[in-house]
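**Q** This structure is in structure tokens; I'll ask about it shortly.
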Amino acid sequence: METSHARQNFDRELAELEHELLEMAGAVERMMAEASSALIKLDPVLARQAISQDDAIDQMELAIESRCMKIIALQNPAGEDLRLVAACLKIIADLERCADLAVDLAKAALKIDNEAGRSDIIDLGKFATLCRKMLHESLEAYVRRDLDRVRDVAELENEADGLYRELRAQVFLLMRRDPDFVVAHGWLFLAIHHLERIADHSVNIAERVHYMVTGELIQISGYQDSA
């Protein structure tokens, strides 16, 4: 009876942990949406709104990390339970970095607005939408324990890599053709680099979902061929 009661308490703690992680994930997705829109529309209000949320995300990460460490110390999890807690620790680190990169995107939007007044000379919207989709799919994979969505993120990574290279080449060409706007173009390059890093962190999250479900650590780039 005591064992059953202890298990119920442990399950409740794990459920609370997942609830907090999903709250953080939702906040990061909203933050990235605002930062991306600020970049595409050059909207300083949206940019500053995204930047203002960074401290709250940091506090969420610390709270979840503290809960994870408490569970490890007091519950001594094993097997699937341990994989869940370990995955949460890694996922919140990637989410926090996505939030930092959203701040960088918002700051780039302010700089580009000041230097050039436009950001539509390359297709930032297409790339931002793709990277946001990768983050969303990786988090859906976590919620649903869905290895098919892990595979989807792997496929999207190839698309993101190709689009990043294409946009980078376009920015370099702009720099050579129009040196008067080289500073603005430099911020454009940083913006697409920040988006590419968000895509990378989304891949990390998907890899942790695969580990959580299967117990196997893999690099997602090889997942499509091996699945």
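**Q** From Leu42, Leu21, grab the single residue that is more than 30 Å from Trp187 (Cα to Cα) and surrounded by 14 or more Cβ atoms within 10 Å (Cβ to Cβ).
**A** After applying the criteria, what remains is Leu21.
**Q** Among what's in region 1-17 and is aliphatic (A, V, I, L, M) and modelled with pLDDT under 90, pick the residue that is surrounded by the most Cβ atoms within 10 Å (Cβ to Cβ).
**A** Ala6
**Q** When you scan region 32-90, how many residues do you find that are within 30 Å of Ile121 (Cβ to Cβ), under 21 Å from the mean Cα position of the chain (by Cα) and part of a helix (DSSP H, G or I)?
**A** Looking only at that region, the number is 17.
**Q** Residues in region 126-156 that are of a type in the set (D, E, K, R), in contact with an Asp or Glu (Cβ under 8 Å, 6 or more places away or on another chain) and more than 18 Å from Leu39 (Cβ to Cβ): how many?
**A** Of the residues in region 126-156, 5 are of a type in the set (D, E, K, R), in contact with an Asp or Glu (Cβ under 8 Å, 6 or more places away or on another chain) and more than 18 Å from Leu39 (Cβ to Cβ).
**Q** Which one of these is among the acidic types (Asp, Glu) and not in a helix (DSSP H, G or I): Asp161, Asp120?
**A** Asp120
**Q** Quick check: is even one residue across region 59-79 free of Cβ contacts under 8 Å to residues at least 12 places away in the same chain and either in contact with a Gly (Cβ under 8 Å, 6 or more places away or on another chain) or on the phi > 0 side of the Ramachandran plot (or both)?
**A** Within region 59-79, one or more residues are free of Cβ contacts under 8 Å to residues at least 12 places away in the same chain and either in contact with a Gly (Cβ under 8 Å, 6 or more places away or on another chain) or on the phi > 0 side of the Ramachandran plot (or both).
**Q** Would you mind finding the one in Ala109, Ala116, Ala35 that is touching a residue at least 60 places away in the same chain (Cβ under 8 Å) and touching a Phe, Trp or Tyr at 6+ places or on another chain (Cβ under 8 Å)?
**A** Ala116
**Q** Let me spell it out: the conditions are (1) at pLDDT 95 or above; (2) under 17 Å from the mean Cα position of the chain (by Cα), and Leu163 meets all of them except one. Which number is the exception?
**A** Unmet condition: (2).
**Q** Please work out if His201 is touching a Cys at 6+ places or on another chain (Cβ under 6 Å) and either in contact (Cβ under 8 Å) with a residue 40 or more places away in the chain or closer than 20 Å to Met31 by Cβ (or both). Give the steps one after another, and end with the answer.
**A** Values: touching a Cys at 6+ places or on another chain (Cβ under 6 Å): yes; either in contact (Cβ under 8 Å) with a residue 40 or more places away in the chain or closer than 20 Å to Met31 by Cβ (or both): yes.
It is true that His201 is touching a Cys at 6+ places or on another chain (Cβ under 6 Å) and either in contact (Cβ under 8 Å) with a residue 40 or more places away in the chain or closer than 20 Å to Met31 by Cβ (or both).
**Q** Then there is this: Among the candidates Val213, Val150, Val182, which residue alone is of a type in the set (A, V, I, L, M), crowded, with 21+ Cβ neighbours inside 10 Å and in a helix (DSSP H, G or I)?
**A** Val150
**Q** Which residue, of Ala141, Ala128, Ala109, is surrounded by 22 or more Cβ atoms within 10 Å (Cβ to Cβ) and more than 21 Å from Leu42 (Cα to Cα)?
**A** Answer to the check: Ala141.
**Q** Of all residues in region 164-191 being small (Gly, Ala, Ser) and touching a residue at least 12 places away in the same chain (Cβ under 8 Å), which is farthest from Ala128 (Cα to Cα)?
**A** Ala184
The values are calculated or read from the model by the stated rules, or taken from the named source; none is laboratory data. All figures in this text were calculated on a predicted structure; none of them were measured in a lab. Every residue, glycine as well, gets a Cβ built from its backbone with ideal geometry; the counts of neighbours run over all protein chains shown.
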